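These notes are about the structure you will find just below.
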């Protein structure tokens, strides 16, 4: 396999360097799954409508873990399974994905399948939607990660 030259090895451009980590659509869809769709298991991500292949999902999850955007915890029901979740670094992408969603809604709205209440919220009060997303992620972590239970 040929090694890919990373932008961060050649330039200090923040966009180019970020693209080294999140620059393919599968990576952003995995982050979207964790962030907005509540998909935290490998099998659930495989079943998402985009139908990512097993080898790509495995590679992207490992890469996201290595880069510090995603972490994994043992599944409480089986040692063979993991629960994936966003780290604080991964959660910092929420405003980015909301901005992408707003742009997409404005320019491709007729193609999109956004629940009407969410569509209104991301357009009229994106900060509230971001706060609600963070609250939902925190609640999931408190319920599913032993280290977050009090």
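Considering only 81, 59, 106, the Gaussian network model of the chain with Cα springs below 10 Å gives its largest mean-square fluctuation to 106.
Mean residue ellipticity, 222 nm, helices only, the chain: the sum of -39500 (n - 2.57) across DSSP H runs of n ≥ 4, divided by residue count and rounded to 500, is -16500 deg cm²/dmol. With 10 Å bins beginning at zero, the pair-distance distribution over Cα atoms of the range 88-150 amounts to 20, 44, 25, 10, 1 %. Taking every C-alpha pair closer than 8 Å and separated by at least 6 residues, the mean separation divided by the residue count of the chain gives a relative contact order of 16 percent.
Here the spin labels are modelled as points 7 Å beyond Cα on the Cα-Cβ line, and at residue 96 and residue 26 they lie 1.8 nm apart.
Applying the Kirkwood pairwise sum to the alpha-carbon positions of the range 43-83 produces a hydrodynamic radius of 11.2 angstrom.
Only the coordinates and a few stated rules stand behind these numbers; no lab work does. Just so you know, these numbers come straight off a predicted model, no measurement behind them. Cβ coordinates were reconstructed from backbone atoms using ideal geometry, including for glycine residues, and neighbour counts include every protein chain displayed.
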